[in-house]
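Worksheet: the structure to be examined is printed underneath.
The values are calculated or read from the model by the stated rules, or taken from the named source; none is laboratory data. Predicted model only: the values in this text are computed from it and were never measured. Here the Cβ is made from the backbone with ideal geometry for all residues, glycine too, and neighbour counts use every protein chain on show. Remember, those area values only see protein heavy atoms, side chains included, never the ligands or the DNA or RNA. Shrake-Rupley method; radii C 1.70, N 1.55, O 1.52, S 1.80 Å.
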Amino acid sequence: MIRKMNVSYLAFVPHGIQAPLLAGLSGAALTAAIKLAATRLGCFGVPRAHHTHKNPVPRVGGIAIYAAVVFALVLPEGVASPRITASPLLVLLGALPVLLVGIYDDLRGVGPKLKVLAQVLGTIVLVIAKWRSSGAIALLPTFLLLMWMVVATNSFNLIDGVDGLAATTAVIVAIGLAVVNFSLGNVALATLALITASACLGFLPFNVLGKRIFLGDSGSLSVGFIHAAIAFETPSAASVPISAIFFFGYPLAETLLTIARRTIKGGSPLHPDCEHLHHQLRQWGSSAVATDAMLCSVALAFMSLGVMLALGSQLILAVGSGCVLFLMLAKTFGYFNRRKLIIFRQRGLDRTLFN
């Protein structure tokens, strides 16, 4: 149980919105400060082949979001509950190595193996929390948790390619998680989801307006990790892993299509490219705002299915709807088009020849 702390300057704010409000305000203030500091210190990182920007832009926005979430959890009254197997602060502790490796990647660049290692270390924190609460560790649930955290965390990283897309998707996913957890009486996880959403909202204006700052791997990976942990721990009237999959429906759909595309090319699924769904929409002439709107609509549809399933909707109805949505997405972007697949394959051969 986190020790309760009274904060006088929040006394005029209704108790239920103190923490989210603080997260949003501190998220905005910290983002502005970090953007200014990164610009003056030249902490831009080096644009890589799969990045859509060519000019130097700070890519450490994840620091502001993570710090804002921590402040919002620690300063007002504590929200941890003994009924939760992994308290909000333990989730943030697990996300810390993910954040640190993401910061280093934003500034210097690291390989995917180190990122996965950080995610495994963060998941071990959650496993230890489960062990301390239950006194035992079941092998299959632990394996599922490990696989889920790595896949879901990295799936969130794949959608971070257009200004505002990953942060807005994070808000959508968090709202769904908060709705389910509040409905089922899990106030601690619901509050953590709302706090994270508010921190992302505080960051968003600096990501889409004027001289920007990017979420970076520090943000997409750490926010993805936090959301993945909440989704796995969210109580469900049906199956927890399946409802979690729907909350992450859009990022996971991007992941499946990315693996298929890169496999068709004959290369490694880990090799980055510029042919994600958001890249293709931009190549077709969609503006950044239109691209965000279309793909966030997909995220909203998947999230709605996750909420329905978690609150007791029929499993077959949710799964069927999710499959139809995924197949429509794949067809829209040409993954059932023979000519499109041949182009993917040819691009892979061209890359092999020129390398």
Rounded to the nearest 10 Å², what accessible area does Y66 show when all protein chains are kept and the probe is 1.4 Å?
-> 30
Is the shape of segment 168-262 rounded, prolate or oblate, going by the alpha carbon gyration tensor and its root eigenvalues a ≥ b ≥ c, with a/c under 1.5 for rounded and a/b larger than b/c for prolate?
-> oblate
Once you wrap a convex hull around the alpha carbon atoms of segment 205-330, what is its projected area averaged over all directions, in nm²?
-> 9.0
On full extension of the chain, what length is gained from F336 through A260, given 0.36 nm per residue of separation minus the C-alpha to C-alpha distance?
-> 26.2 nm
So the pair-distance distribution of segment 119-183, from every Cα-Cα distance in 10 Å bins, comes to percents of 18, 34, 37, 10, 1
Between L209 and Y104, how many nm apart are label points set 7 Å from Cα along the C-beta direction?
-> 3.6
For the residue pair H279 and Q314, what label-to-label distance in nm results when each label sits 7 Å from Cα along the Cα-to-beta-carbon direction?
-> 4.1
Förster radius 25 Å - calculated FRET efficiency between L114 and T142, Cβ distance, rounded to 0.05 = 0.65
Using a Förster distance of 22 angstrom, determine the FRET efficiency expected from the C-beta separation of F182 and M328, and round it to 0.05.
-> 0.10
How many nm separate the modelled label positions at V289 and I128, each set 7 Å beyond the Cα in the direction of the Cβ?
-> 4.8
